[in-house]
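What follows is a single structure, written as structure tokens, with notes after it.
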């Protein structure tokens, strides 16, 4: 008598994992997070604006569960506020609070830059060199969107290369705020080409494995961002 093999059904956890896996190995939650974070940072979703899970799901063509998980992550980073039974609100910005953010960012960014210079893999060092070259091009073209994406990628790479999960979590909380604040005010008070070059210098120092130079480049970058932020406080 012929035996008929019956395939075992996939477990719910595996099915969900498969459904949430997008092209390139990126989960749908991660894709939703990156899309929404960029829209908030670049003010396509403005401070004070109410968001709808249903509308975002329809717009991004991603299921509501990944959208909800992405919004929860953005809430932990204080880029949105979840109001029970009311909705999701894009958080406001405040130049004075941003100066407090930069006090913390200076110390953490110096630390992760130094650690990244010491611990980065050869592949990561090549990525740092590529980002530095792209930052130089963004400085010449004055392309704000390209700059913002490179800034996010550089931040991600530095925290990954530093190999310190605690610092990485703290940095993620600060970085979105800094990018959004920059985009909100840079046309009035900032020098995008200069800032792009400062990022390129930081990336090259990390790529070279020079911990001291990486920390110094980080300080020069934050010095500039503090000057820019204070200029917005004065003009506010």
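Side notes on the structure shown:
- Exclusive hit being farther than 29 Å from residue 49 by Cα, at pLDDT 95 or above and surrounded by 17 or more Cβ atoms within 10 Å (Cβ to Cβ), set 120, 139: 120
- Remark: pairs (first residue in segment 37-48, more than 16 Å from residue 60 (Cα to Cα); second residue at pLDDT 90 or above; Cβ separation under 6 Å; 6+ apart in sequence or on different chains) = 47/90.
- Apart from one condition, residue 99 fits all of (1) within 15 Å of the chain's Cα centre (by Cα); (2) not assigned by TED's automatic domain parsing to the domain that holds residue 47; the exception is (1).
The values are calculated or read from the model by the stated rules, or taken from the named source; none is laboratory data. Source: prediction; values computed, not measured. All Cβ positions, glycine included, derive from the backbone under ideal geometry; neighbour counts span all protein chains shown.
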